[in-house]
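The values are calculated or read from the model by the stated rules, or taken from the named source; none is laboratory data. Note that this is a predicted model, so its numbers are computed, not measured. Methodologically, a virtual Cβ is constructed for each residue, glycine included, from the backbone with ideal geometry; neighbour enumeration extends over all protein chains shown.
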Amino acid sequence: MTDGYGIPPGRVLADADRHGSPLLASALDRLDDLGPLPDCITVHLDAGYDPDRTRTLLSGRGLHGRIAHKGEKAPIQASQRWHVERTHAWRNAFHRLARCYERRTTVVEAFFGLADTIITVRSLIRQARTTHRRDGRPTRRP
């Protein structure tokens with residue numbers, strides 16, 4: 001799960017060959033840990049989450065879902081989905097996470113927590129470079 005800037009607010013770890021739709025409820029439970037959220041949250045999902053039970057789950061939690069339909073090209077989700085894919089690529093840059101052979105879930109959670117912290121700090125620094133600039137400072141890094 002990521003926000004619009006690619007910052008991961010929560011995650012649910014599972015095996016690589018497991019489909020993500022059964023894990024959606026536990027992933028949305030992570031939103032409760034964040035505290036008060038904005039009134040209008042749109043959840044962008046790909047065509048694998050198209051069944052009606054996903055829409056029922058989202059509406060039961062008061063969330064609006066934009067779900068691509070199976071067999072059709074994803075309209076706006078293609079542009080919104082890349083935030084998630086980019087965050088996955090950032091996580092895969094930590095080679096320890098790309099192929100994890102750890103047996104204990106606490107160790108795996110610790111590695112992912114460290115990676116998510118680094119991703120969050122890098123993203124906040126990137127945002128600060130563009131929003132908090134003094135006048136007369138060059139726009140490019142040397």
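Which helices (runs of 4 or more DSSP H) sit wholly inside segment 25-120 and have at least 1 residues that are modelled with pLDDT of 80 or more? Outline the logic, then answer.
Details: elements: 52-60, 77-92, 95-98.
It comes to 52-60, 77-92.
Of all residues in segment 129-142, which are part of a helix (DSSP H, G or I) and either modelled with pLDDT of 85 or more or exposed (fewer than 10 other Cβ atoms within 10 Å of the Cβ) (or both)?
130, 131
What pairs come up if the first residue lies in segment 34-50 and is without any contact (Cβ under 8 Å) to a residue 12 or more places away in the chain, the second is in a helix (DSSP H, G or I) and surrounded by 13 or more Cβ atoms within 10 Å (Cβ to Cβ), and their beta carbons are under 9 Å apart, counting only those six or more places apart or on different chains?
What qualifies is 37/31.
Could you list all residues from segment 2-15 that are under 16 Å from the mean Cα position of the chain (by Cα) and without any contact (Cβ under 8 Å) to a residue 40 or more places away in the chain? I'd like the intermediate steps shown before the answer.
First, pick out the residues of segment 2-15 that are under 16 Å from the mean Cα position of the chain (by Cα): 2-14.
Within segment 2-15, 9, 10, 12, 14 qualify.
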